[in-house]
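The values are calculated or read from the model by the stated rules, or taken from the named source; none is laboratory data. Note that the structure is a prediction, hence the values are computed from the model and not measured. For neighbour counting, all protein chains shown are included, and Cβ atoms are generated from backbone atoms with ideal geometry for every residue, glycine included.
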Amino acid sequence: MNVPTVCPFCGCGCGLILEVEQNRVCAAFPQRSHPVSRGTLCIKGWNSHEFIHHPQRLTHPLIKKNGVFKQASWSQAIAFAAQGLQRVQERYGAHALGVVGSVKSTNEEQYLLARFSRSVLQTANLDTAMRLHASPTVRGLLPHWGYGAAGAAMTDLESAKAILIVGANPKAQSANLGSFILQAAKRGSRVLLIDSREQDHSRFYGQQIRPRPNTYLLILQAMLQTIISNGWQRPAAALSSGWKEKLAAYSAERAAAAAGVTAQEIRSLTESFATAETAVIVYGDGITQHADGLACVHALWNLAVITGNLDKAGCGLLPLMNSNNMQGSIDMGMATELLPGHAFLTDRSAADHFSRIWNCSLPEEPGKTLPEMVRQAGTSLRALYVVGENLAASMAAAPALARLDFLVVQDLFLTETAQAAHVVLPACSFAEKEGTVTNLERRVQRIRKAIAPLGESKPDAEIITLLANKLGSAWPDRDALSWFGEMQNAHPAYGQLDVESVSHPGGAVWPVVRNGSRYAYAPIEAPTAPGDEPDAEFPFLLTMGPGRLHRMTGTLIQHSFTLEREEPFGLLEVNPEDAKALKCRSGSAVRIKTRQGEWVGQAAVTRAVLAGTLHLSVFDREGKALALLGTLMDPRTKIPLKVCAARLEMA
Amino acid sequence: MPIIEKWLISKTHLFERLESLSREQTVIAPVRQSDGEVSFQPIRSADEITLEYVNELHPPKRFLQPVFEPLFTFNLGGARPQLTAAPPPSPQILFGVRSCDVQGFRHMDGFFSGAFKDDLYWQRRNQTTVISMACLQPADTCFCICCNGGPYLSDGFDLQLTDLGELFLAEVGSSKGAAIVQTCDRQSAGDKEERHRQALMQACDEKMIPTAYLAKAVIAITNQRVDEKLWEEMGLECFSCGGCTHVCPCCTCFEVLDHRETEKTGLRFRCWDSCQYAGFTREASGHNPRAQSKERVKRRFYHKLSFAYIQADGHPGCVGCGRCITVCQAFGLLDMAAVVKRIRREGQMVAE
């Protein structure tokens, strides 16, 4: 039996066919008629069936007694979880409870979890790993564009005359998006890359400039300044008063000096971008996880507005989403500052609407974000309900989790986070449930149940409903897809879709209200001090980011034998010049020290990183690499930064 | 060349036979799926069969070498290890397989023979009856005429069918094929039908754009005359997704792994693998003889096109099914037809 569904890994949302024999998913292969995958898949998609039947899948609820997990029935486990949460709520209040959702859960499940957090637990502390990747996108785009989402589709890359990529490696991070871009480059479109690291496809692109990390904002402001001083702005793009004067401080020369590039490189890249008839701007973690991420998103927005690259075919911003349903987390309001349908919690009319339909009161101000929940664990936060997120890996949170009074974890595997739990609820994989997911271009697609749930595992929606009802609600026990209707009521754009349209290969893209390019500019902001600058003791600038395979916390990858084998350990990329000074070769054991921690591993000597910088792929399950970073975060969006000063030694 | 028996069998009659055979063994045939694609699937009724299809993306080699294949379960808890073999394969009929895939089976037969004869493969193979379908509808990616992969074959099948409208022209290639024909109402086929078939094949030939002239690429690869810069460029373009090897009817590589249920018990199985993955050749020390993508891309084409392999296998490692053209994430850059063309046009070092 062949079951069409959607790949559970990155944000591309490729169409997959699962081949099922005797209730076992034996293979995954691409869907030819799918608009994103077009008959192709990346290594993850081709091997996406492997983790489903992994023998370490959780098949029974577990309750910890005297430090040891004991198998329990569902009714025992749900009662235990409900009592634990209730006890904390009674003793410390609802603000001591937190909920962390999964960016891999379906839209319906994320909607339910947001509703559960707000109306059943009545806590303002809810978040997902969206915080760690896309929060500057939401905060930066929502007030100006109306949506914390992409304005371009992947097919716009086919018609765009120019593609500007900033702080992203599409080939490695979202392979099918990278495939669209490679084709565009080979066809002769202007593909322009701003990234400190060289990429496999760099040489096929029109131009790359390689600024030092943390200087991207200066480059982007210099691009704006160059556009204005050359009169390349579109007629419709009226400038705000005082703009010219404000931008005068951001010359190409200033950016060039700070970034270690030439002013001519900046000008020529700007000309290629601004004089193209249409352009798509692709950006990723290299923007959002570095200093001034929100200011950079504002600058990219301004670049799109001033060149008129919005609301037309072949135009728009295309932020990379790292997970198959990270967009769904935003859409469903699974974040402390958001409500479903791209409204901020502080938007009182939206808040009134949801307090009416959810029958609860909503706070006026956001509660704790994911990093704040972790930091305040054991003090103002006493209990957590974690759905499918390995905080021990994504936030180096193992010590924080140990400080909690009560921890409920719902997952496919006994992750490091689950091991710290008081009760573990076994969840189903994407192959065992129905629902919808939304890709990085707002494409809502159906995932389908291919096999019965493994053991006693249950879909997230069912578990959340059980828990809600144990805590006194009376939610109907219905199958996940029938929540689609309620979810649609909550989200105006989803309201225009129906189950049938999202069930076709490629589903349906949720529509946006177009504004005819008459958009307000975002503020022009000055760079801030990143806070952890290189000095004599820590002379390098270390950046961290995902490897080709190890995205997010790697729970699925590490239970897929082919994928786990492909990148068995993290490598530290060192420039040959720095390697020579240190007498280090590829494969040498090296030690990184930062002001916060230490990491030992293997070096890979490569010109892909600039001299004076290091790059480490983050994927160790204990979060040791992340501990190097300490607690630096963007003050406005609370996104932890993946850049710091470091010292490199031979181990 | 053996004289092949040729018969005429009515379509409806053969379909009825397949339906009744499906009570005794697994009959796998092309079936249209909910998303419009056609896929080879086990059938219970002749109504499920469609004859309107081009190559399925997921090749029928999976019925001889499953993507996931249990070998045995083990229990190391007792005094001696206890092994229990997986249930043996059962008889199956593959109906409607295209000529290119049948040529692929021949390649697999070679790989699973030799010094290490693979029992499990041969148990399955010997119980498989291949009813192939001469190709009248090449996809726009097909180039079997460049690789001796079709559109029709003179051997390698148990029964080869040619669609003549109401009737099939059935050519018997083995006793298994003969056994099926013998239970059908049939007439002897004559020169008229043979001429009809020839005309159909000629028409099919002409629909194909022969983009993959292998000869020059074979010479260049065999004599190490492909410019290193071309391999390097292709290595950088390659996404290392492994798709080309997964869909190739001639690719047979597999990995053997254990799923431990407990510390002492578990399942040993094998599954498809790909030489395009870095993990495929990485050694226990961490050293990898083909660490870079360019080395893996090069390896793939050496295996498929160098003379040493062609001589050992008896044919190139390509049957012209064109699936690698569809699945390649570097669209149009790294499939067999593209690489052969690039070697021919841009990648040959000029002899000094």
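Reported count of residues in the range A:491-521, each being within 14 Å of chain B (Cβ to nearest Cβ) and part of a loop (DSSP other than H, G, I, E, B), is 4. Listed by first and then second residue, the pairs with beta-carbon distance under 6 Å, at least 6 apart or on different chains, first residue in the range B:337-352 and within 11 Å of B:Phe301 (Cβ to Cβ), second of a type in the set (Asp, Glu) and modelled with pLDDT of 85 or more, are B:Gly347/B:Asp227.
For the range B:60-104, the strands (runs of 3 or more DSSP E) that sit wholly inside it and include 2 or more residues that are modelled with pLDDT of 95 or more and loosely packed, with under 15 Cβ neighbours inside 10 Å are B:82-85. Has the range B:295-303 got any residue that is touching a residue at least 60 places away in the same chain (Cβ under 8 Å), of a type in the set (Phe, Trp, Tyr) and either away from chain A (no Cβ under 14 Å) or part of a helix (DSSP H, G or I) (or both)? Within the range B:295-303, one or more residues are touching a residue at least 60 places away in the same chain (Cβ under 8 Å), of a type in the set (Phe, Trp, Tyr) and either away from chain A (no Cβ under 14 Å) or part of a helix (DSSP H, G or I) (or both). For beta carbons closer than 7 Å, sequence separation of 6+ or different chains, a first residue in the range B:28-42 that is at the interface with another protein chain (Cβ under 10 Å from one of its Cβ atoms) and a second that is among the hydrophobic types (A, V, I, L, M, F, W, C) and in a loop (DSSP other than H, G, I, E, B), the qualifying pairs are B:Val31/B:Ile43. The set of residues in the range A:153-203 being in contact (Cβ under 8 Å) with a residue 40 or more places away in the chain and polar (S, T, N, Q) consists of A:Thr155, A:Ser159, A:Asn169, A:Gln173, A:Ser174, A:Asn176, A:Ser179, A:Ser196, A:Gln199. Entry remark, the range A:7-47: residues being among the aromatic types (Phe, Trp, Tyr) and under 14 Å from B:Cys244 (Cα atoms) number 2 in total. Exactly one residue out of A:His34, A:His54, A:His49, A:His95 is within 14 Å of chain B (Cβ to nearest Cβ) and either surrounded by fewer than 24 Cβ atoms within 10 Å (Cβ to Cβ) or of a type in the set (Val, Ile, Thr) (or both), and it is A:His54. For A:Lys449, the criteria (1) closer than 24 Å to A:Thr555 by Cα; (2) within 24 Å of the chain's Cα centre (by Cα) hold in every case but one, which is (2). Here is the figure for the range A:1-23: residues that are within 11 Å of chain B (Cβ to nearest Cβ), of a type in the set (Gly, Ala, Ser) and in contact with a Leu (Cβ under 8 Å, 6 or more places away or on another chain) total 0. B:Ile325 falls short on exactly one of the conditions (1) away from chain A (no Cβ under 12 Å); (2) β-branched (Val, Ile, Thr); (3) closer than 28 Å to A:Leu549 by Cα; (4) surrounded by 24 or more Cβ atoms within 10 Å (Cβ to Cβ), and that condition is (1). Of all residues in the range A:552-594, those satisfying the criterion of being among the acidic types (Asp, Glu) and not in a strand (DSSP E or B) are A:Glu564, A:Glu566, A:Glu567, A:Glu577, A:Asp578. Looking at the range A:235-286, the helices (runs of 4 or more DSSP H) lying wholly inside it that each contain 2 or more residues that are modelled with pLDDT of 95 or more and under 29 Å from the mean Cα position of the chain (by Cα) sit at A:252-259, A:263-274.
Rundown of residues vs (1) of a type in the set (Val, Ile, Thr); (2) buried (at least 24 other Cβ atoms within 10 Å of the Cβ); (3) touching a Lys or Arg at 6+ places or on another chain (Cβ under 7 Å), yes/no style:
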residue: A:Arg210; (1), (2), (3): no, no, no
residue: A:Trp232; (1), (2), (3): no, no, no
residue: A:Gly242; (1), (2), (3): no, no, no
residue: A:Thr262; (1), (2), (3): yes, no, no
residue: A:Val280; (1), (2), (3): yes, yes, no
residue: A:Ala299; (1), (2), (3): no, yes, no
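For the range B:48-57, does any single residue satisfy the condition of being surrounded by fewer than 19 Cβ atoms within 10 Å (Cβ to Cβ), at pLDDT 95 or above and within 13 Å of another protein chain (Cβ to nearest Cβ)? For the range B:48-57, residues surrounded by fewer than 19 Cβ atoms within 10 Å (Cβ to Cβ), at pLDDT 95 or above and within 13 Å of another protein chain (Cβ to nearest Cβ): present. Please tell me if B:Cys100 is within 14 Å of the chain's Cα centre (by Cα) and either of a type in the set (Asp, Glu) or closer than 22 Å to B:Leu305 by Cβ (or both). Yes, satisfied.
From the list A:Cys26, A:Cys42, the one residue that fits, being touching a Phe, Trp or Tyr at 6+ places or on another chain (Cβ under 9 Å), of a type in the set (A, V, I, L, M, F, W, C), within 11 Å of another protein chain (Cβ to nearest Cβ) and surrounded by fewer than 22 Cβ atoms within 10 Å (Cβ to Cβ), is A:Cys26. Here the strands (runs of 3 or more DSSP E) wholly within the range A:401-479 that include at least 3 residues being closer than 28 Å to A:Pro511 by Cβ are A:435-438, A:443-447. Here A:Gly98 meets the list (1) at pLDDT below 95; (2) outside any helix (DSSP H, G or I) almost entirely, failing just condition (1).
Kindly evaluate B:Gln276 against the criterion of being at pLDDT 95 or above and either away from chain A (no Cβ under 13 Å) or within 21 Å of the chain's Cα centre (by Cα) (or both). Taking the combined requirement at face value, the residue satisfies it. Pairs linking a residue in the range A:438-467 that is within 25 Å of A:Gly341 (Cα to Cα) to a residue that is of a type in the set (Phe, Trp, Tyr), with Cβ atoms under 6 Å and 6 or more positions apart or on different chains, are A:Arg442/A:Trp510; A:Val444/A:Trp510; A:Ile447/A:Phe430; A:Ile464/A:Phe116; A:Thr465/A:Trp475. A search for C-beta distances below 6 Å between a residue of the range B:250-263 that is more than 15 Å from B:Tyr121 (Cβ to Cβ) and at the interface with another protein chain (Cβ under 9 Å from one of its Cβ atoms) and any residue that is small (Gly, Ala, Ser) and assigned to a strand (DSSP E or B), counting only pairs 6+ apart in sequence or on different chains, returns B:His259/B:Gly266; B:Arg260/B:Gly266.
Among residues that are surrounded by fewer than 13 Cβ atoms within 10 Å (Cβ to Cβ) and either more than 24 Å from B:Gln103 (Cβ to Cβ) or in the same structural domain as B:Val27 (by TED's automatic domain parsing) (or both), B:Arg225 is not included.
Residues that are surrounded by 24 or more Cβ atoms within 10 Å (Cβ to Cβ) and aliphatic (A, V, I, L, M) were ranked within the range A:282-293; the one that is farthest from A:Asn515 (Cα to Cα) is A:Ile287. Looking at B:Gln276, B:Gln292, just one residue is under 30 Å from A:Gly601 (Cβ atoms) and buried (at least 20 other Cβ atoms within 10 Å of the Cβ), and that residue is B:Gln276.
Does the range B:305-315 contain any residue that is more than 25 Å from B:Thr211 (Cα to Cα), hydrophobic (A, V, I, L, M, F, W, C), assigned to a helix (DSSP H, G or I) and outside the structural domain of B:Phe112 (by TED's automatic domain parsing)? For the range B:305-315, residues more than 25 Å from B:Thr211 (Cα to Cα), hydrophobic (A, V, I, L, M, F, W, C), assigned to a helix (DSSP H, G or I) and outside the structural domain of B:Phe112 (by TED's automatic domain parsing): present. Taking the condition assigned to a loop (DSSP other than H, G, I, E, B), within 13 Å of chain B (Cβ to nearest Cβ) and buried (at least 22 other Cβ atoms within 10 Å of the Cβ), does A:Leu549 pass? Against the criterion (assigned to a loop (DSSP other than H, G, I, E, B), within 13 Å of chain B (Cβ to nearest Cβ) and buried (at least 22 other Cβ atoms within 10 Å of the Cβ)), A:Leu549 qualifies.
The set of residues in the range A:275-293 that are under 21 Å from A:Glu525 (Cβ atoms) and either aliphatic (A, V, I, L, M) or free of Cβ contacts under 8 Å to residues at least 40 places away in the same chain (or both) comprises A:Ile281, A:Ile287, A:Ala291.
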